[in-house]
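The values are calculated or read from the model by the stated rules, or taken from the named source; none is laboratory data. Since we're looking at a predicted model, the values are computed, not measured. Cβ coordinates were reconstructed from backbone atoms using ideal geometry, including for glycine residues, and neighbour counts include every protein chain displayed. Ligands, DNA and RNA are stripped out before the accessible areas are found, and what is left, the full protein with its side chains, is counted by its heavy atoms. Shrake-Rupley method; radii C 1.70, N 1.55, O 1.52, S 1.80 Å.
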Amino acid sequence: MDIIVDVLIVGTGAAGLYSALNLSDNLNILLITKDSVDKCNTSLAQGGISVARDEKDYDLFVQDTLKAGKYKNSVEAVKTLVYESIDNINEVIDYGTTFDKENGGLRYTKEGAHSINRIVHNKDETGKELFESLLEALKNKKNVRIFENTTLIDIIINNNVCCGGVVTKGEERINIYSKETILATGGIGGLFKNSTSRRSLTGDGIAIALRHNIKTSDLDYVQFHPTALYDDKVNCEKFLISESLRGEGAKLVNENGKRFVDELLPRDIVARAVYDEEEKSSKPYVYLDISFKGKDYITNRFPGIYKKCLESGIDITKQKIPVTPVQHYHMGGIAVDLSSRTSMDHLFACGEVSCTGVHGANRLASNSLLEALVFSRRASKCINESIGEIASLSLKDIKGMETFENYSVINKTIVIDEFKKMREAIRNELVNY
């Protein structure tokens, strides 16, 4: 089966949905996702979205991002993220996303390595609110279709030009030919035994990039979140205990109830401190305590975390939460420019699969959703401006293009080999940047 569209978008997280919303209404757009539409990391995000408070905050926000990233960031990319943050937050609000309010304005919270409170949120389910509002807004676009349970096997190329993708949907194989293709396939958490990511996120976009010698960057920069809810299971999705708890005053303590680290240092430093404390105590977890805040405050501010912990037999209004570091985010990925263009013509990458250079060696808390918004909108603007210059595709034009008949499933050997040594190093020395 063959399908011809103007734009193919692979992934239905924030980057995929937002790029579709920002594309022109006269374009024929198809989004695909390998699972159900909501099985993305965006819907799991708890803490919030970073945003500059005002123009006076620009320089400080830039410096906080650079410092957290060990100054391995692209300064130009960081400035782009910060300077365009307010416009993008205002745009998602226009699309229907709601954030907590205070005194008639947005309520900002603080997380690790931020100098001031600059994170907007919807209780502790910000990602879910963003995802649902963007998906609802897409329903008003008659030029957009979504295929669920559709797996990208490979891209269709011709002389370093991406012309679409080969996908499987059930038992059917489909060639989707497109003028422009956006990879928004998410991260690599599914490759790890313990991760906060969806298990289906297994580095597919990066595997495809490596196969075709598309430029990648910083593949060894992997972030561990210091506070996931501890359990003794392996090879499963771990529940994140948002950094926003620490931003609101929660304390990390050892088995003796003693604090051992400044909870609002960058994530890599806190994760290492937790790991070291676990080594000293021979226990696979430490504790996060917010019980002193009072029940009404906790249940209103963190209803999702309260409910999840209660299901595990932990009442966080009375008890400390056992937590441990797990894989959380990949700063590296497919190298892109400020318009999210890859080294292959007419192929874009947005969200966690990409490497804009914003995060450097360690992502600043709550910058992930912001990056997905800022750079997916930039990709869409680039496509809107240039797509008219591309001759319309027809089956006659593309006849003879290689469609990778021999690939029945994605061969993840490439990406697994790429990360194997890195994973061993991380296991031995958690985060070493």
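The set of residues in the range 232-280 being of a type in the set (Gly, Ala, Ser) and buried (at least 20 other Cβ atoms within 10 Å of the Cβ) consists of SER242, SER244, GLY247, ALA250, ALA271, ALA273. Looking across the range 15-32, the residues that are of a type outside the set (S, T, N, Q), in contact with a Lys or Arg (Cβ under 9 Å, 6 or more places away or on another chain) and either without any contact (Cβ under 8 Å) to a residue 12 or more places away in the chain or open to solvent by less than 10 Å² (accessible area, probe 1.4 Å) (or both) come down to TYR18, ALA20, LEU23, ILE29, LEU30, LEU31, ILE32. Applying the set (1) of a type in the set (D, E, K, R); (2) open to solvent by less than 40 Å² (accessible area, probe 1.4 Å); (3) in contact (Cβ under 8 Å) with a residue 60 or more places away in the chain to ASP100 leaves exactly one unmet item: (3). The set of residues in the range 114-159 that are free of Cβ contacts under 8 Å to residues at least 40 places away in the same chain and at positive phi contains only ASN159. Scoring GLN46 on the criteria (1) open to solvent by 20 Å² or more (accessible area, probe 1.4 Å); (2) touching a strand residue (DSSP E or B) at 6+ places or on another chain (Cβ under 8 Å) leaves a single failure, condition (1). When you check SER312 against the structure, is it open to solvent by 30 Å² or more (accessible area, probe 1.4 Å), hydroxyl-bearing (Ser, Thr, Tyr) and on the phi < 0 side of the Ramachandran plot, yes or no? So SER312 passes the test. Is it the case that TYR83 is among the aromatic types (Phe, Trp, Tyr) and in contact with a Gly (Cβ under 9 Å, 6 or more places away or on another chain)? Considered against the rule, which asks whether it is among the aromatic types (Phe, Trp, Tyr) and in contact with a Gly (Cβ under 9 Å, 6 or more places away or on another chain), TYR83 comes out as no. The selection criterion, being among the basic types (Lys, Arg), under 22 Å from LYS238 (Cα atoms) and part of a loop (DSSP other than H, G, I, E, B), does not hold for LYS307. May I ask you to verify whether SER74 is of a type in the set (S, T, N, Q) and in contact with a helix residue (DSSP H, G or I) (Cβ under 8 Å, 6 or more places away or on another chain)? So SER74 does not fit the description; no. The sole residue among ASN140, ASN117 that is open to solvent by 20 Å² or more (accessible area, probe 1.4 Å) and in contact with a strand residue (DSSP E or B) (Cβ under 6 Å, 6 or more places away or on another chain) is ASN117. Every condition in (1) β-branched (Val, Ile, Thr); (2) within 20 Å of the chain's Cα centre (by Cα); (3) more than 28 Å from ILE390 (Cβ to Cβ) holds for ILE116 except the one numbered (2). Candidates are the residues of the range 323-358 that are open to solvent by less than 10 Å² (accessible area, probe 1.4 Å) and in a loop (DSSP other than H, G, I, E, B); the one that is farthest from PRO266 (Cα to Cα) is MET344. Taking the conditions (1) among the β-branched types (Val, Ile, Thr); (2) surrounded by fewer than 18 Cβ atoms within 10 Å (Cβ to Cβ); (3) touching a strand residue (DSSP E or B) at 6+ places or on another chain (Cβ under 7 Å) in turn, ILE86 satisfies each one other than (3). The residue pairs whose first member lies in the range 33-62 and is more than 15 Å from ALA365 (Cβ to Cβ) and without any contact (Cβ under 8 Å) to a residue 60 or more places away in the chain, whose second member is open to solvent by less than 20 Å² (accessible area, probe 1.4 Å) and in a loop (DSSP other than H, G, I, E, B), and whose beta carbons are closer than 6 Å, counting only pairs six or more residues apart or on different chains, are TYR58/ALA52. If you take just the helices (runs of 4 or more DSSP H) that sit entirely in the range 2-97, which of them hold at least 3 residues that are small (Gly, Ala, Ser) and closer than 28 Å to CYS162 by Cα? Where helices (runs of 4 or more DSSP H) fall fully within the range 2-97 and carry at least 3 residues being small (Gly, Ala, Ser) and closer than 28 Å to CYS162 by Cα, they are 14-22.
Residues in the range 144-160 that are open to solvent by 40 Å² or more (accessible area, probe 1.4 Å), farther than 26 Å from HIS330 by Cβ and at pLDDT 95 or above: ARG145 only. On the stretch given as the range 60-73, residues that are within 20 Å of GLY351 (Cβ to Cβ) and open to solvent by 40 Å² or more (accessible area, probe 1.4 Å) total 1.
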